[in-house]
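Please read the structure below before turning to the comments.
The values are calculated or read from the model by the stated rules, or taken from the named source; none is laboratory data. These numbers come from a predicted model, not from an experiment. Reconstructed Cβ throughout: ideal geometry from the backbone, glycine too, with neighbour counts over all protein chains shown. Note: accessible area is taken over every heavy atom of the protein model, side chains too, but ligands, DNA and RNA are not part of it. Shrake-Rupley method; radii C 1.70, N 1.55, O 1.52, S 1.80 Å.
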Amino acid sequence: MLVVLRENVKNLGRIGDVVKVSDGYARNFLLPQSLVVAADEKNVAAIEHEKKLLEKKRLAQKGIAEELAKKLSDFSCTVSRKVGEHDKLFGSVSSNDVSDALKKAGFEIDRHSVQMPGPIKSLGVHPVTIKLENDVTATVKVWVVKDES
(Lines give C-alpha, C1' and ligand atoms only; values in the text may rest on other atoms or scores of the structure.)
Protein backbone atom coordinates (compact mmCIF):
# COMPACT_ATOMS: atom_id res chain seq x y z
CA MET A 1 0.00 0.00 0.00
CA LEU A 2 1.32 3.44 -0.93
CA VAL A 3 0.92 5.98 1.90
CA VAL A 4 2.00 9.53 2.72
CA LEU A 5 3.50 10.11 6.19
CA ARG A 6 1.81 12.77 8.32
CA GLU A 7 4.40 12.44 11.10
CA ASN A 8 7.96 11.19 11.47
CA VAL A 9 7.91 7.41 11.84
CA LYS A 10 11.06 5.71 13.08
CA ASN A 11 12.69 3.41 10.50
CA LEU A 12 10.12 4.44 7.87
CA GLY A 13 10.54 8.11 6.95
CA ARG A 14 9.83 11.73 7.68
CA ILE A 15 6.76 13.92 7.35
CA GLY A 16 5.58 14.16 3.74
CA ASP A 17 7.45 11.12 2.41
CA VAL A 18 5.54 8.77 0.11
CA VAL A 19 6.40 5.20 1.13
CA LYS A 20 5.24 1.70 0.30
CA VAL A 21 4.29 -0.41 3.31
CA SER A 22 2.49 -3.71 3.72
CA ASP A 23 -1.30 -3.52 3.81
CA GLY A 24 -1.54 -4.95 7.33
CA TYR A 25 1.02 -2.51 8.77
CA ALA A 26 -0.87 0.41 7.26
CA ARG A 27 -4.35 -0.84 8.24
CA ASN A 28 -3.55 -2.08 11.73
CA PHE A 29 -0.97 0.41 12.97
CA LEU A 30 -0.33 3.49 10.84
CA LEU A 31 -3.88 4.47 9.84
CA PRO A 32 -5.53 4.03 13.28
CA GLN A 33 -2.87 6.25 14.86
CA SER A 34 -3.28 8.88 12.09
CA LEU A 35 0.39 8.62 11.16
CA VAL A 36 -0.36 8.29 7.42
CA VAL A 37 -2.97 8.96 4.75
CA ALA A 38 -3.56 6.94 1.59
CA ALA A 39 -1.49 8.20 -1.33
CA ASP A 40 -4.16 9.14 -3.87
CA GLU A 41 -3.81 12.09 -6.29
CA LYS A 42 -5.62 14.55 -4.02
CA ASN A 43 -3.56 13.68 -0.93
CA VAL A 44 -0.27 13.66 -2.86
CA ALA A 45 -0.98 17.15 -4.23
CA ALA A 46 -1.85 18.44 -0.77
CA ILE A 47 1.26 16.86 0.71
CA GLU A 48 3.47 18.37 -2.01
CA HIS A 49 2.28 21.80 -0.91
CA GLU A 50 2.84 20.92 2.74
CA LYS A 51 6.29 19.52 1.91
CA LYS A 52 7.48 22.97 0.90
CA LEU A 53 6.28 24.35 4.21
CA LEU A 54 7.73 21.42 6.11
CA GLU A 55 11.14 21.82 4.50
CA LYS A 56 11.43 25.24 6.11
CA LYS A 57 10.36 23.71 9.43
CA ARG A 58 12.93 20.88 9.06
CA LEU A 59 15.71 23.38 8.44
CA ALA A 60 14.67 25.31 11.54
CA GLN A 61 14.56 22.09 13.62
CA LYS A 62 17.96 21.05 12.30
CA GLY A 63 19.37 24.47 13.21
CA ILE A 64 17.98 24.14 16.74
CA ALA A 65 19.36 20.60 17.01
CA GLU A 66 22.82 21.73 15.85
CA GLU A 67 22.78 24.54 18.40
CA LEU A 68 21.79 22.07 21.13
CA ALA A 69 24.49 19.66 19.95
CA LYS A 70 27.10 22.39 20.34
CA LYS A 71 25.91 23.10 23.90
CA LEU A 72 25.88 19.39 24.75
CA SER A 73 29.38 18.83 23.35
CA ASP A 74 30.74 21.37 25.84
CA PHE A 75 28.74 19.85 28.71
CA SER A 76 29.61 17.06 31.12
CA CYS A 77 27.33 15.51 33.70
CA THR A 78 28.03 13.59 36.88
CA VAL A 79 26.27 10.43 38.01
CA SER A 80 27.04 9.12 41.50
CA ARG A 81 26.73 5.44 42.36
CA LYS A 82 27.45 3.30 45.37
CA VAL A 83 30.62 1.27 45.08
CA GLY A 84 31.95 -1.77 46.85
CA GLU A 85 35.46 -2.93 47.51
CA HIS A 86 38.06 -2.03 44.90
CA ASP A 87 35.75 0.71 43.54
CA LYS A 88 33.45 -1.75 41.80
CA LEU A 89 29.97 -0.34 41.04
CA PHE A 90 26.81 -1.84 42.48
CA GLY A 91 24.69 -1.99 39.33
CA SER A 92 25.46 0.20 36.34
CA VAL A 93 24.71 3.52 34.70
CA SER A 94 22.15 3.20 31.90
CA SER A 95 20.84 5.56 29.22
CA ASN A 96 17.92 6.35 31.53
CA ASP A 97 20.35 7.61 34.21
CA VAL A 98 22.19 9.78 31.68
CA SER A 99 18.87 11.19 30.42
CA ASP A 100 17.80 12.02 33.99
CA ALA A 101 21.13 13.77 34.68
CA LEU A 102 20.73 15.84 31.51
CA LYS A 103 17.14 16.75 32.48
CA LYS A 104 18.36 17.99 35.86
CA ALA A 105 20.84 20.20 34.00
CA GLY A 106 18.03 21.68 31.88
CA PHE A 107 18.33 19.66 28.67
CA GLU A 108 15.16 17.88 27.52
CA ILE A 109 16.69 14.69 26.14
CA ASP A 110 14.63 11.52 25.73
CA ARG A 111 16.27 8.32 26.96
CA HIS A 112 15.87 6.81 23.49
CA SER A 113 18.13 9.54 22.10
CA VAL A 114 20.98 8.46 24.38
CA GLN A 115 23.05 5.93 22.48
CA MET A 116 25.34 3.73 24.52
CA PRO A 117 27.00 0.49 23.41
CA GLY A 118 26.11 -0.94 26.82
CA PRO A 119 25.65 0.13 30.41
CA ILE A 120 28.58 1.83 32.14
CA LYS A 121 29.98 -0.47 34.83
CA SER A 122 33.08 1.41 36.01
CA LEU A 123 34.05 4.70 37.62
CA GLY A 124 35.58 7.44 35.49
CA VAL A 125 34.79 9.54 32.45
CA HIS A 126 32.79 7.94 29.64
CA PRO A 127 31.78 9.54 26.31
CA VAL A 128 28.10 9.06 25.49
CA THR A 129 26.51 9.87 22.12
CA ILE A 130 23.22 11.76 21.96
CA LYS A 131 21.29 11.50 18.68
CA LEU A 132 19.24 14.67 18.24
CA GLU A 133 18.23 14.36 14.57
CA ASN A 134 19.00 11.85 11.82
CA ASP A 135 22.30 13.53 11.00
CA VAL A 136 22.92 15.59 14.16
CA THR A 137 24.68 13.96 17.11
CA ALA A 138 26.55 15.22 20.14
CA THR A 139 28.97 13.60 22.56
CA VAL A 140 28.57 14.22 26.27
CA LYS A 141 31.15 13.35 28.92
CA VAL A 142 29.58 11.37 31.75
CA TRP A 143 31.51 11.28 35.01
CA VAL A 144 30.69 8.24 37.15
CA VAL A 145 31.76 8.95 40.73
CA LYS A 146 31.45 7.35 44.18
CA ASP A 147 28.33 8.11 46.15
CA GLU A 148 29.69 9.56 49.40
CA SER A 149 26.54 8.97 51.46
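The table that follows gives values for the structure above.
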item	result
Any pair with Cβ under 6 angstrom, 6 or more apart, that starts in segment 57-80 at a residue that is more than 21 Å from Ile15 (Cβ to Cβ) and ends at one that is among the acidic types (Asp, Glu)	Val79/Asp97; Ser80/Asp147
Filtered residue count, segment 115-132, keeping only those that are assigned to a strand (DSSP E or B) and within 16 Å of Val144 (Cα to Cα)	7
Residue count for segment 105-138, restricted to those that are open to solvent by less than 90 Å² (accessible area, probe 1.4 Å) and either without any contact (Cβ under 8 Å) to a residue 60 or more places away in the chain or over 17 Å from Lys62 (Cα atoms) (or both)	20
Residue count for segment 18-33, restricted to those that are surrounded by 12 or more Cβ atoms within 10 Å (Cβ to Cβ) and either of a type in the set (Ser, Thr, Tyr) or in contact with a helix residue (DSSP H, G or I) (Cβ under 9 Å, 6 or more places away or on another chain) (or both)	3
Any chance His86 is open to solvent by 90 Å² or more (accessible area, probe 1.4 Å), out of contact with any strand residue (DSSP E or B) (no Cβ under 8 Å at 6 or more places or on another chain) and on the phi > 0 side of the Ramachandran plot	yes
Meets criteria (more than 20 Å from Leu72 (Cβ to Cβ) and either in contact with a Leu (Cβ under 6 Å, 6 or more places away or on another chain) or not in a strand (DSSP E or B) (or both)) for Gly106	no
Qualifying residue in segment 9-31 (condition: among the charged types (D, E, K, R), modelled with pLDDT under 85 and part of a helix (DSSP H, G or I))	no
Any chance Ala60 is surrounded by 11 or more Cβ atoms within 10 Å (Cβ to Cβ), within 21 Å of the chain's Cα centre (by Cα) and small (Gly, Ala, Ser)	no
Residue that is farthest from the chain's Cα centre (by Cα) [pool: residues in segment 34-48 that are exposed (fewer than 11 other Cβ atoms within 10 Å of the Cβ) and not charged (D, E, K, R)]	Ala45
